[in-house]
Amino acid sequence: MLDRGERSGRLVVNTWFHVKHRHEVTALTGGAPEAARVVFGARLELAERFADLLREHGIERGLIGPRELDRLWERHLLNSAVLAELLPPNSRVLDVGSGAGLPGIPLAIARPDLTLTLLEPMARRVTWLQEVITELALTVEVVRGRAEEGPVRERLAGQDIVTARAVAPMERLAKWCLPLLRPGGRLLAMKGASAAEELERDAAAISAAGGGRGEVVSCGGGVLEVPTTVVVVKRVAATRSAAGRRRDGGRRTRKDRGR
Ligand SMILES: C[S@@+](CC[C@H](N)C(=O)[O-])C[C@H]1O[C@@H](n2cnc3c(N)ncnc32)[C@H](O)[C@@H]1O
């Protein structure tokens, strides 16, 4: 799918969303598109090394499918890194279900000011994430576990931001991720074209889990052909169980009940 054009420094690419309509992107040496320099700046080389690691080991280690090799940058690295637009400086960020390291590793590369943790339950993926972090000398913590587990909640609660890409529907993400945020913190769920429908469908569950109304926003509009669609949900209240008790151990106040 990815074939080198005749002119030097240009690539002709069939992108994932326009398979029939070929378009051109300017390529940097090493195969990264020009947009990668805008997004990763002086840390582009680290992003290129991550792309190389995924290209060399991603398929054999069950992290990406063979079709992803040709669209690593646009669909995976850049699509993930542009989420940085929504992250305030020096935020404490948790990437739930990090898998191959998306969006967590591109965010760690693009934004070294963040305090980043990657959460992943599968042992072999945790090993991969630790290897990548060592190889790229990133300051990132990796935790093995599931977002909804008690010890994980105790250890990782109070995040400013929780990210999740291709992990679960909004209903489950809200239940798993909102308790990991500080009040006022935000869940950023990377979603596809049906983001607005999903948000509407799961609105009641999101509210019950302590989330606000939620909105669909777009990131990377200036650099990506297809901007990244993100569902943003603010944690506005403590998570409530059916019995009316807060999952965080507190009692409901008159103010809570009136919400
Ligand atoms: C489809 S993969 C996506 C991985 C990565 N975010 C990406 O976009 O390439 C979903 C990941 O979520 C992890 N996962 C599933 N349930 C989870 C849970 N309850 N808590 C944390 N991670 C979970 C899986 O182990 C898997 O690595």
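The values are calculated or read from the model by the stated rules, or taken from the named source; none is laboratory data. Note that this is a predicted model, so its numbers are computed, not measured. FYI the Cβ positions are ideal-geometry reconstructions off the backbone, even for glycines, and counts take in every protein chain you see.
Among all residues of region 68-78, there is none that is more than 12 Å from the ligand (Cβ to nearest atom) and in contact with a Cys (Cβ under 7 Å, 6 or more places away or on another chain). The residues of region 113-164 that are charged (D, E, K, R) and under 22 Å from Glu60 (Cβ atoms), listed by number, are Glu120, Arg124, Arg125, Glu131, Glu135, Arg144. The residues of region 113-147 that are near the ligand (Cβ under 9 Å from one of its atoms) and touching a Pro at 6+ places or on another chain (Cβ under 8 Å), listed by number, are Gly145, Arg146.
One residue alone among Arg67, Arg61 is out of contact with any strand residue (DSSP E or B) (no Cβ under 6 Å at 6 or more places or on another chain) and assigned to a helix (DSSP H, G or I), and that residue is Arg67.
Close Cβ contacts (under 7 Å, 6 or more residues apart or on different chains) running from residues in region 87-104 that are closer than 17 Å to Glu149 by Cβ and near the ligand (Cβ under 6 Å from one of its atoms) to residues that are at pLDDT 95 or above and in a loop (DSSP other than H, G, I, E, B) comprise Val96/Ala147; Val96/Val167; Gly97/Val167. Of all the residues in region 165-178, those that are touching a residue at least 40 places away in the same chain (Cβ under 8 Å), surrounded by fewer than 22 Cβ atoms within 10 Å (Cβ to Cβ) and more than 9 Å from the ligand (Cβ to nearest atom) number 1. Somewhere in region 76-96, is a residue closer than 18 Å to Ala36 by Cβ and part of a loop (DSSP other than H, G, I, E, B)? No, every residue in region 76-96 fails to be closer than 18 Å to Ala36 by Cβ and part of a loop (DSSP other than H, G, I, E, B). For region 52-67, which residues satisfy the criterion of being within 14 Å of the ligand (Cβ to nearest atom) and over 25 Å from Arg144 (Cβ atoms)? Once the filter is applied, which keeps residues that are within 14 Å of the ligand (Cβ to nearest atom) and over 25 Å from Arg144 (Cβ atoms), region 52-67 yields only Arg67.
Pull out all pairs, ordered by first then second residue, where Cβ-Cβ is under 6 Å, the residues are six or more apart or on different chains, the first lies in region 117-128 and is more than 12 Å from Ile105 (Cβ to Cβ), and the second is within 9 Å of the ligand (Cβ to nearest atom) and part of a strand (DSSP E or B). Final answer for the pair search is Leu119/Val96; Val126/Glu120.
Of all the listed residues (Val162, Val216), the sole one being away from the ligand (no atom under 16 Å from the Cβ), part of a strand (DSSP E or B) and of a type in the set (A, V, I, L, M, F, W, C) is Val216. Within region 235-242, not a single residue is surrounded by 17 or more Cβ atoms within 10 Å (Cβ to Cβ), modelled with pLDDT of 95 or more and of a type in the set (Gly, Ala, Ser).
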